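Worksheet: one structure, shown below.
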Amino acid sequence: MAGLDKAGVRDADVAGKRVLVRADLNVPLDGGAVADDTRIRAALPTIELLREREASIVLVSHLGRPKDREPELSMAPVAERLRELTGAEVKLAPAVVGDEVAALAEGLEPGEILLLENSRYEPGEKKNDPELARALAGLADLYVNDAFGAAHRAHATTEGVAHLLPSCAGLLLAREVEALSAVHDDPKRPLVIVLGGAKVTDKIGVIERFLDSAEEILIGGAMCFSFFRAEGRDTGESLVDEASVEAAKELLPRAGDARAMMHLPEDLVLGREFSADTERMELNGIDVPEGWMGLDIGSNTAAKYAKRIAGAGTVFWNGPMGAFELEPFAAGTRAVAEAVASTDGFSVVGGGDSAAAIAQFGLADEVDWLSTGGGASLELMEGKELPGVEALADA
Ligand code: ADP
Ligand code: MG
């Protein structure tokens, strides 16, 4: 498996030191409590390693998209959950930086955790403000970035501060980069890329990247309608990401000469509207009549895709094949999820909704790597450098 050419936390000398850890603790909240703690759990191995080695930890993450320090987006529920999961002393700082925060950091004992407030409470976070980065660096002796899900952003906590302290990659970030790099650096063949979902503009770059390096590119979800529209077909009321139709038009002729076979659905499941109770119709074809929308790939397409995935040496899947949240339109996504889970090939799944689909079908433990980073995993797949990784010290 391809390695990460960055310093790793396992090799860092941390005993008795204060370590600033950037994690991705951007969890969904419900009524002031953590609704899903997957991301907190994913951050635990690095935190536990540092505690075992008698470091004290200053932990920082963003949470949601605060505009003006809304108390609803405080890290308090995360601190509570972290206490339950680690059994450690977890103090919640009253802010991200400042004199009071600095005093709390200085008072930390080995094994203790100080969780800073939501990094986006500071306007300098997203601006990658050098002054904020300096204040953050002043809180610790060493910086560890474990926030893979935020590594595609050059923000003060993910990029700026990395230049100001000795730095290294956390365990999760390193495993993410390794698993995802294995898909494009010398993958076991055939390499099968499965793309769907609704955020098409984010994913067209992945198709381009793999046109000449994968064997198969399988397309489903709302994404296929950008291509059908580009081909001049009827898409009815289907969700079409207009912004990506032009890109689809440019891609289509290139697909003919490419190494990869690009597959679009040959049948669909239609509904009248985006609802589980809507009238449903199976269409043996792809021209969607007026008054209908395509909400899933059809059974022939699903069977064909499942077969290609079963024969894969490596498979990367991002984006559901249909509106899997609605039971009548979940079959295509289920078929693909089951194929990804049971293939002998190396399987990697990225994307928040794809991960939710895998979990919904009870298959989360059956894939080789379930990425915690949607946007970051796509950018890595496109071959872009992630600023949060690049800024770390080399190995
Ligand atoms: P991911 O989070 O895995 O990257 P996206 O966010 O791009 O995936 O897309 C997931 C969403 O796409 C789901 O909410 C699903 O309902 C929706 N979706 C998939 N196919 C269709 C379709 N044919 N029509 C409408 N919505 C769709
Ligand atoms: Mg999504």
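Just wondering, is there one or more residues in segment 347-355 that are surrounded by fewer than 18 Cβ atoms within 10 Å (Cβ to Cβ), closer than 20 Å to V192 by Cα and acidic (D, E)?
There is no residue in segment 347-355 that is surrounded by fewer than 18 Cβ atoms within 10 Å (Cβ to Cβ), closer than 20 Å to V192 by Cα and acidic (D, E).
Can you tell me which residue is surrounded by the fewest Cβ atoms within 10 Å (Cβ to Cβ) among those in segment 268-300 that are farther than 23 Å from E216 by Cα, out of contact with any Lys or Arg (no Cβ under 8 Å at 6 or more places or on another chain) and among the acidic types (D, E)?
E290
I'd like the full set of residues that are among the small types (G, A, S) and touching a residue at least 40 places away in the same chain (Cβ under 8 Å), limited to segment 223-271.
Let us first name the residues in segment 223-271 that are among the small types (G, A, S), namely 226, 230, 232, 236, 238, 243-244, 247-248, 255-256, 258, 260, 271.
Answer for segment 223-271, where residues must be among the small types (G, A, S) and touching a residue at least 40 places away in the same chain (Cβ under 8 Å): G236, S238, A243, S244, A247, A248, A255, A258, A260, G271.
In segment 355-370, what count of residues is obtained for those that are polar (S, T, N, Q) and either modelled with pLDDT of 95 or more or touching a Cys at 6+ places or on another chain (Cβ under 7 Å) (or both)? Please lay out each step first, then the result.
Initial filter on segment 355-370 (polar (S, T, N, Q)): 360.
Add one more test, that the residue is either modelled with pLDDT of 95 or more or touching a Cys at 6+ places or on another chain (Cβ under 7 Å) (or both), and what stays is none.
Going through segment 355-370 one residue at a time, the tally reaches 0.
Any residue at all in segment 334-348 that is in contact with a Cys (Cβ under 8 Å, 6 or more places away or on another chain) and closer than 26 Å to A169 by Cα?
Start the filter on segment 334-348 by keeping residues that are in contact with a Cys (Cβ under 8 Å, 6 or more places away or on another chain), which leaves none.
Checked against the condition, which is being in contact with a Cys (Cβ under 8 Å, 6 or more places away or on another chain) and closer than 26 Å to A169 by Cα, segment 334-348 yields no hits at all.
State which residue pairs qualify: first residue more than 15 Å from G313 (Cβ to Cβ) and inside segment 339-352, second residue more than 13 Å from ligand 1 (Cβ to nearest atom) and at pLDDT 95 or above in any location, beta carbons under 7 Å apart, and separation of 6 or more residues or different chains.
Qualifying pairs under 7 Å: A341/L363; A341/E366; A341/V367; V349/V367.
Only one of (1) surrounded by 17 or more Cβ atoms within 10 Å (Cβ to Cβ); (2) under 16 Å from the mean Cα position of the chain (by Cα) is not met by C168, so which one is it?
(2)
Could you check segment 1-105 for strands (runs of 3 or more DSSP E) lying wholly inside it with 2 or more residues that are farther than 17 Å from A169 by Cα and modelled with pLDDT of 95 or more?
90-92
Name the single residue that is farthest from the chain's Cα centre (by Cα) among those in segment 306-346 being surrounded by fewer than 22 Cβ atoms within 10 Å (Cβ to Cβ) and within 16 Å of ligand 2 (Cβ to nearest atom).
L326
Out of A393, A303, I need the residue that is more than 16 Å from the chain's Cα centre (by Cα), touching a residue at least 12 places away in the same chain (Cβ under 8 Å), surrounded by fewer than 17 Cβ atoms within 10 Å (Cβ to Cβ) and closer than 24 Å to H152 by Cα. Which one?
Answer to the check: A393.
So which residues in segment 356-377 are more than 13 Å from ligand 1 (Cβ to nearest atom), hydrophobic (A, V, I, L, M, F, W, C), surrounded by fewer than 20 Cβ atoms within 10 Å (Cβ to Cβ) and not in a strand (DSSP E or B)? Spell out the reasoning first.
Step one: filter segment 356-377 for residues more than 13 Å from ligand 1 (Cβ to nearest atom), giving 361-369.
Narrowing the set further to residues that are hydrophobic (A, V, I, L, M, F, W, C) leaves 361, 363-364, 367, 369.
With surrounded by fewer than 20 Cβ atoms within 10 Å (Cβ to Cβ) added as a condition, the list becomes 361, 363-364, 369.
Residues satisfying the conditions are F361, L363, A364.
Just checking, which of A43, A102 is buried (at least 22 other Cβ atoms within 10 Å of the Cβ), of a type in the set (G, A, S) and closer than 29 Å to E390 by Cα? Quick ask: steps written out before the conclusion?
Details: A102 fails: buried (at least 22 other Cβ atoms within 10 Å of the Cβ).
Within the list A43, A102, the selection yields A43.
Check whether at least one residue in segment 313-333 is part of a helix (DSSP H, G or I), out of contact with any strand residue (DSSP E or B) (no Cβ under 8 Å at 6 or more places or on another chain) and more than 13 Å from ligand 1 (Cβ to nearest atom), and report yes or no. So that I can check it myself, show each step before the final result.
The first filter runs over segment 313-333 and keeps only residues part of a helix (DSSP H, G or I), leaving 327-329, 331-333.
After this cut, where a residue has to be out of contact with any strand residue (DSSP E or B) (no Cβ under 8 Å at 6 or more places or on another chain) as well, the list is 327.
Narrowing the set further to residues that are more than 13 Å from ligand 1 (Cβ to nearest atom) leaves none.
Within segment 313-333, none of the residues are part of a helix (DSSP H, G or I), out of contact with any strand residue (DSSP E or B) (no Cβ under 8 Å at 6 or more places or on another chain) and more than 13 Å from ligand 1 (Cβ to nearest atom).
Can you confirm whether A214 is under 30 Å from R334 (Cβ atoms), assigned to a helix (DSSP H, G or I) and more than 15 Å from the chain's Cα centre (by Cα)?
On the way: under 30 Å from R334 (Cβ atoms): yes; assigned to a helix (DSSP H, G or I): no; more than 15 Å from the chain's Cα centre (by Cα): yes.
No: the conditions fail for A214.
Residue check: is V200 touching a Lys or Arg at 6+ places or on another chain (Cβ under 6 Å) and not in a helix (DSSP H, G or I)? Reasoning before the result, please.
Working: touching a Lys or Arg at 6+ places or on another chain (Cβ under 6 Å): no; not in a helix (DSSP H, G or I): yes.
No; evaluated as a whole, the condition is false for this residue.
Which residues, counting only those in segment 217-236, are at positive phi and either part of a helix (DSSP H, G or I) or buried (at least 22 other Cβ atoms within 10 Å of the Cβ) (or both)?
Of all residues in segment 217-236, those at positive phi come to 221, 232, 236.
Selection gives G221 alone.
For segment 272-291, give me each residue that is without any contact (Cβ under 8 Å) to a residue 24 or more places away in the chain and either within 16 Å of ligand 2 (Cβ to nearest atom) or out of contact with any strand residue (DSSP E or B) (no Cβ under 8 Å at 6 or more places or on another chain) (or both).
D277, N284
Which residues, taken from segment 29-69, are over 28 Å from A359 (Cα atoms) and either among the β-branched types (V, I, T) or in contact with a His (Cβ under 9 Å, 6 or more places away or on another chain) (or both)?
Correct list: I57, V58.
Among the residues of segment 219-240, are any away from ligand 1 (no atom under 13 Å from the Cβ) and in contact with a Gly (Cβ under 9 Å, 6 or more places away or on another chain)?
No, there is no match, as no residue in segment 219-240 is away from ligand 1 (no atom under 13 Å from the Cβ) and in contact with a Gly (Cβ under 9 Å, 6 or more places away or on another chain).
Taking segment 184-202 as the search range and keeping residues that are at pLDDT 95 or above and farther than 21 Å from F274 by Cα, which one is surrounded by the most Cβ atoms within 10 Å (Cβ to Cβ)?
V192
The values are calculated or read from the model by the stated rules, or taken from the named source; none is laboratory data. No experiment lies behind these values; they were computed from the predicted model shown. Glycine also receives a Cβ, built like all others from the backbone with ideal geometry; neighbour counts cover every protein chain displayed.
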